[in-house]
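Bear in mind these aren't lab numbers, they're just calculated from the coordinates by the rules spelled out. What you see is a predicted model, and the numbers here were worked out from it, not measured in a lab. Here the Cβ positions follow ideal geometry from the backbone for every residue, glycine too, while neighbour counts run over all protein chains shown.
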Amino acid sequence: MPDWKQEIERRLAPLRLLPTREASVAEELSQHLDDHYRELMADGASAEEAQNAALAGLDRHELLRELQQVERERNWEPVTPAPSGKSLFSGLGGDLRYTVRVLRKAPGFSMFAVLTIAIGIAANTAIFSVINSLFLHPPGVTDSARLMAVRVKYEKLNLKNIGVSLTDFADVRDSKQVFSSTAAVQPANFNYTAGPLPERLPGSLVTWNWFDTFGAHPMLGRTFTQSEDVPGANHEVVLSYTAWQRLFGKDQAIVGKSMLLNGQSYSVVGVMDRDFNWPSQSEIWVPLGLAAKEYGPDNRFNESYDAVARLAPGVSRQQAEAYAGVLSQRVASNSDDYGRYARSSQWGIFLTSFSELIYGDLRMPLMVLAGSVGFVLLICCANVAGLMLAKSSGRAKELTIRIALGARRGHLVRQVFVESGLIAACGTAVGIALAVLAVRNAALIAPEGSIGSLAAPIDRSVLLFSIAAGMASALLFGLAPAWMIAGAKTFEMLKEGGRSAMSSKGRQRVRSTLVIGEVGLALVLLVGAGLFLKSLIRTQQLSPGFDARGVMTGAVSLDAKAYASPERRQAFFTAVTQNLAAQPGVEAAAAAVGMPFGDMGGASSFSIEGRPLAPGDPGSHSDISVTTPGFFRASIRNPEGSGTEQLTIY
Amino acid sequence: MKFSRNLFLSWPYISLTLRHIAVHYMANQPSVSELKKGSAELLILSLVEARVRHGYEISKMIESRSSGDLRFNAASLYPLLYRLEQRGWIEGRWVEKANQRKRRYYRITAAGRKILREKRSTWQAFVTAVNRVTGVENA
């Protein structure tokens, strides 16, 4: 069999094909000639006749002309759509189609680049969805930016941010020119015995316009009316979606039916939407039902409630804050005891945004996390930029020829950005999907109650953020290869075109910069993560001031009718704690309204017997917890607290 | 109406776009170069439609199915295969079989199938139009 390859390569030589391409074409053509030769021989031709006839089919001029045309199309293809266009976007469709083909031809690179960006986008999307859900658009709240939490401070007593008294609430509620709606809430648990097992339902006592203040609407039925928020008439209940689903199996006809809470009948008037969850964990809401006198001046410094207020239309937050100062000043300027106490303790009402109050503690950690994932995205961009640089070095010859043939440099730069844009677009899409999974799984593995109320949906704001992050990434990681093309001198490119781009000093400098940047960012993240872990370990080792090991807690709510008198309540708790204390293995037992780090006790002023107040001293004011004897000694094992041993229930 | 307005039937288009095609008629046949050029892509796409084939097989199939009236030489067949591949209509892949030399097989792509449908329809319209003009149908 003749050796065709040498002859074929001689005929292909003027085309100056890439070596791999030339080898592939030569191999295929020589096979064709082999087949043809074999067939001619089988038909009786001599070896020489067969060789000549086979080669005749490979006319040199025809082959060159046809292949040249094909190769020219191959090299020019990316340039063809745009060169004549004046607009920045003309021929963009062609660039896009070309980029799709280029990426499909390098599936390993494309997949790695897309996944790298996807990881960066997923982390940023997940964190932003949480920030969005907590601070920008809390679920179930209409126009959350105009919803304020009303708070109280005692500067002199170092109480910077506590709940309000009913008197404070009434002051704000009656300021209709500043606040369109004001509502108060107090946590309350209810015994529910109609289910398979008796249980305590976490609930809230609220003023009648609680839901209106949030701008929330019921899914079924209605919310409370003003006439239901008075003593004796407050036997209505609004269910949360969770309670409606769990206790009543999503009964569509639940409105109007009754349920027994604390042994008393309550009429279900409505069911709230799934996303309304304020206060968080609350499964039912019942009207507060307090008499008008409770809102009088006698309760001024008894802070047992939380209050929210919606700014009236046209009123800015600054104006409302200034008005809260006026309200405080009005009390402090009185010459009565309340005024004196307000002045001496530097008491005042102030406003803070609702989401700040609820999630304020999370702001700093979330910002740190947002910064960290921002760094992760930067590292991802640097990685992909490095990959694109390496890839473009493999196309140096192509780019050189295209520039030499007249392709505009701007067009080549645009093509780099189209490629980076396409990678970023795919990465963003995959990243958003990953973020949805991440947030969903984070909620599943988080300790119960820690982020129970946290629903971080991927809404329009989150999508816009992710797309913006994706576009910024595309710009970032397209910048280095684009800069290389824009800044390279054609002459140098022609010199280097056939060789590896690694030999280019400029390219190497860019790659070095990328690597240094990546290592720097990774180091910052590593140090940050290390510090975070160390802080976490220290927090776990922090002493709360008592030994909480072996202490168990339970909660009970007494039937208001059956235990109407203090004596009966006292007898009940004495019997329960004595019985518990007598159980084998129990050292001591006690009862309390308000556990350490809990929020059930409220705050109040008090004085210490035998310790007269110095002139100007406002006296003591603190969170209050009402306990049975032995609380310190038994329940939290603090022997130093064994002096307070008298149970009095008022 | 369906075909008379079809831009693909205009002669300038055919002469402009199919200038690369080279199907070699037998020497004793009348020359219809424009026509044969236009048919080359259609022939190749039709042959790889049902199953994968290598270049020599394609050229032999054209020759045998046309009873020797149509022949491709290597100098025109392979550049055409590369062009079709470049356009994404066919896809070539080197395949190595036991005791056989490595060969490059071509298969039609989804885009190629779509083009094939269009080309068949255009070709049919072209033949019908020519027949109408030359009176072959009525003969």
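Each helix, a run of at least 4 DSSP H residues, gives -39500 (n - 2.57); summed and divided by the residues of chain A, these come to -16500 deg cm²/dmol at 222 nm.
Shown for A:628, B:134, B:128: other C-beta atoms within 10 Å of each C-beta, ranked fewest to most, produce the order B:134, B:128, A:628. Summing charges over neighbours of residue A:45, with a neighbour being any other residue whose Cβ is under 13 Å away from its Cβ, gives -3 when K and R count +1 and D and E count -1.
Quick check: net charge around residue A:241, other residues with Cβ under 10 Å of its Cβ, Lys/Arg +1 and Asp/Glu -1? Residues near residue A:241 contribute 0 overall.
Between segment A:535-588 and segment A:1-71, the C-alpha centres lie 96 angstrom from each other.
Cα extents for segment A:536-605 along the principal axes, largest to smallest and rounded to whole angstrom: 48, 37, 20. Here is the tail figure for segment A:340-390: Cα pairs spaced more than 14 Å apart come to 72 percent of all pairs. Amide H to amide H, with H built 1.01 Å from N, residue B:109 comes under 5 Å of B:90, B:91, counting only residues 5 or more places away or on other chains.
In terms of overall dimensions, segment A:1-59 has a Cα radius of gyration and Dmax of 12.1, 39 angstrom.
Less than 5 angstrom separates the built amide H of residue A:189 from those of A:203, all sequence-distant by 5 or more or on a different chain. With neighbours defined as other Cβ atoms within 10 Å of a residue's Cβ, the residues A:272, A:41, A:484, A:367 order from fewest to most as A:367, A:41, A:484, A:272.
Summing charges over neighbours of residue A:215, with a neighbour being any other residue whose Cβ is under 13 Å away from its Cβ, gives -2 when K and R count +1 and D and E count -1. Listing A:147, A:366 from fewest to most neighbouring C-beta atoms within 10 Å gives A:366, A:147.
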